[in-house]
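In what follows, a single structure is set out as structure tokens and then discussed.
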Amino acid sequence: MSLYNKIFKKPWPYWVGGIILGILNVVLLWITGKAWKITTGFVYWGAYILEKIGFNPSSWYYFNSAYITELDASSNFINNYYTVINIAIILGALISVLLAKEFKIKKIKNKKQLIVGLIGGFLMGYGSRLSFGCNIGAYFSAIPSFSVHGWVFAIAMFIGAYIGSKILYKYIL
């Protein structure tokens with residue numbers, strides 16, 4: 001088996017991926033001084049768009065609370081920490097699937113699948129804002145920084161995944 005196939009085609013063991021993600025998380029914190037967050041960047045993207053069409057999100061309570069202290073997306077959208085991280089993740093994922101020759105555009109099977117996917121995506125986005133982020137910010141970055149909310153999120157995430165998989169299996173698949 002060639003080195004290319006070992007690295008790009010065959011799945012890595014979970015422990016290898018975990019170690020690499022852990023190291024990258026520490027390196028990111030060390031270089032930037034900020035924890036790894038993803039959905040916060042999407043909030044800034046939305047605020048940037050809203051600002052461009054005439055709204056003033058920087059005056060909203062959410063952006064003046066202790067959780068979000070700066071709305072720097074509007075003043076410097078491209079050179080924003082969250083924008084750079086999110087674009088890097090998207091490009092990295094694209095490069096990964098292209099190198100593995102696994103990129104596929106799939107047709108939506110039916111309207112039910114589309115509607116359930118949209119509802120699920122909305123609920124996940126809304127939930128990520130309520131829980132201080134998605135599984136990256138609220139779990140992966142929270143537990144190593146000794147935050148109790150990371151452990152609470154982990155328990156709720158595993159319970160939700162269990163219930164969600166039961167619903168998915170029974171009604172959708």
37 °C / 0.692 mPa s Stokes-Einstein diffusion coefficient of the chain, Kirkwood radius on C-alpha pairs, µm²/s: 174 µm²/s
Taking θ = phi - 60°, what integer Hz values does the Karplus form 6.51 cos²θ - 1.76 cosθ + 1.60 yield along segment 103-119, in sequence order, with x for Gly and Pro? 6, 9, 9, 9, 7, 5, 5, 7, 5, 4, 4, 5, 5, 4, x, 5, 5
Ranking of 32, 40, 83 by count of other Cβ atoms within 10 Å, fewest first: 32, 83, 40
Per the Cauchy relation, a quarter of the hull surface: what is the mean projected area of the convex hull of the alpha carbons in segment 107-173, in nm²? 5.0 nm²
Just rank 118, 21, fewest to most, by other beta-carbon atoms within 10 angstrom. 118, 21
In order over segment 88-99: 3J(HN,Hα) from phi, Karplus 6.51/-1.76/1.60, θ = phi - 60°, whole Hz, x for each Gly or Pro, gives 4, 5, 5, 5, x, 5, 5, 4, 4, 6, 5, 5
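So how do 102, 51 line up by other beta-carbon neighbours within 10 Å, fewest first?
Ordered from fewest to most neighbouring Cβ atoms within 10 Å, 102, 51 come out as 102, 51.
A short reminder: the numbers here are calculations on the coordinates, not readings from a lab. Quick caveat, the model's predicted, so the values are computed rather than measured. Neighbour counts are summed over all protein chains in view; Cβ atoms, including those assigned to glycine, are modelled from backbone coordinates with ideal geometry.
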